[in-house]
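Q: Please find one structure pasted underneath; my questions will follow.
The values are calculated or read from the model by the stated rules, or taken from the named source; none is laboratory data. Note that this is a predicted model, so its numbers are computed, not measured. As a convention, Cβ positions derive from the backbone with ideal geometry for all residues, glycine included, and neighbour counts pool all protein chains shown.
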Amino acid sequence: MNPNKTLPQITEEEIKTIKNILEHYRYMKLVIKSFGERRTEDTGPKIKERRSTILDNYIDLTQQIERYHSLLTDEDMKLMIGLRYIQGYSHKETILSGNAEYSSKTLERRLKKGIEIIAKHFKSRGLFQAG
């Protein structure tokens, strides 16, 4: 049984939202690292609270991305998502680094399908709320 068959349906808008979140993964990781290294004694309580909220959100999102990436069962799809979003390769580099057995169109489809599956996982955990 394919575990992805039990995931909820998603809209194009939800796919775009997750793609945007994935595209910011490396930035979020840098912010998390920077916050960990930054001294905050010289800032007021409102700034500390805002930083804490941002940090908590980024930690949550990056952990979810890593978790849902690890749940991809197609190894080529997992590779494509990992190269593009986790490691930060450009779109072209990702396609060129993909499995040489497959055409670039097949690799493109796997990348797109991986984003869709990750979006479904996010939706199943309540990221998208009914309007």
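Q: Condition first: of a type in the set (D, E, K, R) and exposed (fewer than 11 other Cβ atoms within 10 Å of the Cβ). Now tell me which residues in the range 6-23 satisfy that.
A: E12, E13
Q: Let me ask something else. Has the range 21-38 got at least one residue that is at pLDDT below 90 and either part of a loop (DSSP other than H, G, I, E, B) or touching a helix residue (DSSP H, G or I) at 6+ places or on another chain (Cβ under 7 Å) (or both)?
A: Checked against the condition, which is being at pLDDT below 90 and either part of a loop (DSSP other than H, G, I, E, B) or touching a helix residue (DSSP H, G or I) at 6+ places or on another chain (Cβ under 7 Å) (or both), the range 21-38 yields at least one hit.
Q: Does the range 48-68 contain at least one residue that is more than 25 Å from G126 (Cα to Cα), touching a Ser or Thr at 6+ places or on another chain (Cβ under 8 Å) and surrounded by fewer than 13 Cβ atoms within 10 Å (Cβ to Cβ)?
A: Yes, the range 48-68 contains a residue that is more than 25 Å from G126 (Cα to Cα), touching a Ser or Thr at 6+ places or on another chain (Cβ under 8 Å) and surrounded by fewer than 13 Cβ atoms within 10 Å (Cβ to Cβ).
Q: With respect to I47, is the statement that it is touching a helix residue (DSSP H, G or I) at 6+ places or on another chain (Cβ under 8 Å) and part of a helix (DSSP H, G or I) true?
A: no
Q: While we're here: Within the range 80-94, which residues are buried (at least 20 other Cβ atoms within 10 Å of the Cβ) and over 13 Å from the mean Cα position of the chain (by Cα)?
A: Residue satisfying the conditions is T94 alone.
Q: Looking only at the range 100-108, decide whether some residue is closer than 16 Å to H24 by Cα and at pLDDT below 85.
A: No.
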